[in-house]
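Shown next, in structure tokens, is the structure this report addresses.
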Amino acid sequence: MDSRNPYAVLRLDPQASAAEISRAYRAQMRLHHPDTRPGTDGPGQDALERSRLQSVMDAYAVLGNAAARSAYDREHPSARGASRAAGARRVSRTTRPDVLAGPLVWTPPPERSLP
């Protein structure tokens, strides 16, 4: 995992939206968080997971803030193209809206007449 390129750390395409960035951050946190891993593999493995977790948090600190992200993109134009080579994948957008329009109301099914 390349801890210097936040796009590669979160495995994102440089054109990812804010929603895709937060989804990738949560997925990587679930993957590397010590509370989600059953058992311990020893102190060496724990140190490795801690460093991966820290690099995910650092990457989100850059990409999660719009101003910091644009500053990073201006300062590191080569990093925008390098994420593809690092195994990044484009997260497909869903057609489902992030926010539902209006409250959800349960309506009972229509009653059937017995024959």
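Taken along the Cα-to-beta-carbon direction at a fixed 7 Å, the label points for His76 and Trp106 span 4.8 nm.
Residues Ser113, Ser55 in ascending order of nearby Cβ atoms (within 10 Å, fewest first): Ser113, Ser55.
Values in this text are rule-based calculations from the coordinates and carry no lab data. Just so you know, these numbers come straight off a predicted model, no measurement behind them. Glycine gets a Cβ as well: all are built from the backbone with ideal geometry, and neighbour counts include every protein chain shown.
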